[in-house]
1. Just the residues that are surrounded by 13 or more Cβ atoms within 10 Å (Cβ to Cβ), among the hydroxyl-bearing types (Ser, Thr, Tyr), modelled with pLDDT under 80 and assigned to a loop (DSSP other than H, G, I, E, B), please, taken from region 14-49.
2. Quick check: anything in region 50-58 surrounded by 12 or more Cβ atoms within 10 Å (Cβ to Cβ), assigned to a strand (DSSP E or B) and at pLDDT 85 or above?
3. Condition first: among the polar types (S, T, N, Q), surrounded by 13 or more Cβ atoms within 10 Å (Cβ to Cβ) and modelled with pLDDT of 70 or more. Can you find one or more residues in region 79-98 that meet it?
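The values are calculated or read from the model by the stated rules, or taken from the named source; none is laboratory data. Keep in mind it's a predicted model, so treat the numbers as computed, not measured. All Cβ positions, glycine included, derive from the backbone under ideal geometry; neighbour counts span all protein chains shown.
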Amino acid sequence: TAGYYAPFCVGGWASNASGVRVMYFRKNGSGSDRAWGHIAPPTDGDSSIMSTWAGELFSMNGSSDYLEVVVSQTSGGSLDWATDGNSQHPFFGVVWAGPAAS
């Protein structure tokens, strides 16, 4: 359905005490059309739980447009997007906010 959408995502990183964690939304694979979500520094090696809304609406055409969740981290090594079946069970969704302006 064409219109405006607000994406949201919740997830978590594996435990690590260095670097920062970033999560944002991107439309149609383009780095130029994105909404920054959450930037978090880790604390004491605990896992980092992240939760964010887009902070803006994306206009979608209803047929070929798509949204992605992009995550990155700067710990200096490989760091998994954690899933433990409980608090760190990641999910992504969208809320339809209404029809596109005509």
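1. Ser15, Ser47
2. Going through region 50-58, the residues surrounded by 12 or more Cβ atoms within 10 Å (Cβ to Cβ) turn out to be 50-58.
Okay, now just the ones that are also assigned to a strand (DSSP E or B), so 50-53, 58.
When the remaining residues are screened for being at pLDDT 85 or above, the result is 58.
Yes, that holds for at least one residue.
3. Taking region 79-98 as the starting set, the residues that turn out to be among the polar types (S, T, N, Q) are 83, 86-88.
Filter once more, keeping what is surrounded by 13 or more Cβ atoms within 10 Å (Cβ to Cβ): 88.
Now narrow it down to the ones that are modelled with pLDDT of 70 or more: none.
No, there is no match, as no residue in region 79-98 is among the polar types (S, T, N, Q), surrounded by 13 or more Cβ atoms within 10 Å (Cβ to Cβ) and modelled with pLDDT of 70 or more.
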